[in-house]
Amino acid sequence: MSDFARDISVVSGSAAVRVLLNRLCAITGMGFAAVARVSEHRWIACQVLDRIAFGMEPGGELQVKTTICDEIRDHGRAVYIDSVQDEPMWRTHPTPVLYGFQSYVSVPVYRPDGSFFGTLCAIDPEPHVVNTPETVSEIEALAREIMTCLENERKSA
């Protein structure tokens, strides 16, 4: 079994990760949240909560170069967008245009050894206020909890 297949299996079967995705949607007001495994060549949804009919399922793949998560893999910093239409930097960025979202959150998720696993992300076609100190702090805590859950489940598997 490849590392990607193992990661998808562990994450998609995790009840704890499902709870954390629900919390992310509650915190942000967004309708889609996912844990994605991201590498230089692939973006794969490991677990998804989709209330906006985005159409992604666990194991579903996006072209990594069409994602902001690819940029996050490169620079290691989270991205918080309240409203694409109100932010000149994002208004013409190809990713929001391609996928039709207005609000966006993506936070890098790192393994305990410091290597990059992927991202905890959320999108919504409507704008939502997400770039506040309180919200950022809560979301970054969720990203840390995701990896703790994944490591615990990997050890018990």
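The values are calculated or read from the model by the stated rules, or taken from the named source; none is laboratory data. Everything numeric here is computed off the predicted structure, so don't read it as measured data. Cβ: placed from backbone, ideal geometry, glycine included. Neighbour counts: every protein chain shown. Only protein heavy atoms, including side chains, enter the accessible area calculation; ligands, DNA and RNA are left aside. Shrake-Rupley method; radii C 1.70, N 1.55, O 1.52, S 1.80 Å.
Near PRO127, within a Cβ-to-Cβ distance under 9 Å, what is the net charge of the other residues, with Lys and Arg +1 and Asp and Glu -1?
Values: positive: none; negative: ASP82, ASP86, ASP124, GLU126.
Neighbourhood net charge equals -4.
Could you give the length gained by full extension between ARG6 and GLN85, i.e. 0.36 nm per residue of separation minus their alpha carbon distance, to one decimal place? Mind dumping the intermediate values first?
Values: separation 79, 0.36 × 79 = 28.44 nm, distance 3.81 nm.
Once the chain is fully extended between ARG6 and GLN85, it gains 24.6 nm.
What do you get for GluC sites (Glu not before Pro) in segment 1-106 restricted to DSSP loop and a cutoff of at most 10 other Cβ within 10 Å of the site's Cβ?
Working: sites: GLU40, GLU61, GLU71; in loops: GLU40.
Sparse-neighbourhood loop GluC sites (Glu not before Pro): GLU40.
Through the Karplus equation 6.51 cos²θ - 1.76 cosθ + 1.60, θ set to phi - 60°, convert the phi angles of segment 43-59 into ³J(HN,Hα) values in whole Hz; use x for Gly and Pro.
Those phi angles translate into 10, 10, 6, 8, 9, 9, 10, 10, 9, 10, 6, 5, x, 9, 10, x, x Hz.
Taking the full set of protein chains and a 1.4 angstrom probe, give the accessible area of TYR104 in square angstrom, rounded to the nearest 10.
Result for TYR104: roughly 10 Å² accessible.
Could you tell me which of VAL107, LEU24, ALA45 has its Cα farthest along the dipole of the chain towards the positive end, charges placed at Cβ (Lys, Arg +1; Asp, Glu -1), taken about the Cα centre?
The residue sitting most towards the positive pole is ALA45.
Can you tally the net charge around GLY60? Count Lys and Arg as +1, Asp and Glu as -1, for every other residue whose Cβ sits under 15 Å from the Cβ of GLY60.
Details: positive: ARG37, ARG42; negative: ASP7, ASP50, GLU57, GLU61.
Counting the neighbours of GLY60, the net charge comes to -2.
Not counting ligands, DNA or RNA, and with a 1.4 Å probe, what is MET147's accessible surface area in Å² rounded to the nearest 10?
10
Could you sort ILE68, ILE8 by accessible area so the largest value comes first, with the probe set to 1.4 Å?
Working: ILE68 5, ILE8 35 Å².
The ranking, largest first, comes out as ILE8, ILE68.
I need to check one value: relative contact order of segment 10-157, counting alpha carbon pairs closer than 8 Å and at least 6 residues apart, in percent. Each step should come with its number before you reach the end.
Values: 287 pairs, mean separation 38.3, N = 148.
Reported relative contact order: 26 percent.
Using alpha-carbon positions, what is the distance between the centroids of segment 86-136 and segment 1-80, in Å?
Using only Cα atoms, the two centres lie 11 Å from each other.
Springs between alpha-carbon pairs under 10 angstrom, Gaussian network model over the chain: which of VAL109, VAL48, VAL64 fluctuates most?
For the chain, modelled as a Gaussian network with Cα springs under 10 Å, the answer is VAL64.
What accessible surface, in Å², does a 1.4 Å probe find on GLU134, ignoring ligands, DNA and RNA and rounding to the nearest 10?
120
Quote the relative contact order of segment 50-108 in percent (integer), defining contacts as alpha-carbon pairs under 8 Å separated by 6+ residues. Don't skip to the end; give the middle numbers.
Values: 49 pairs, mean separation 21.9, N = 59.
That works out to 37 percent.
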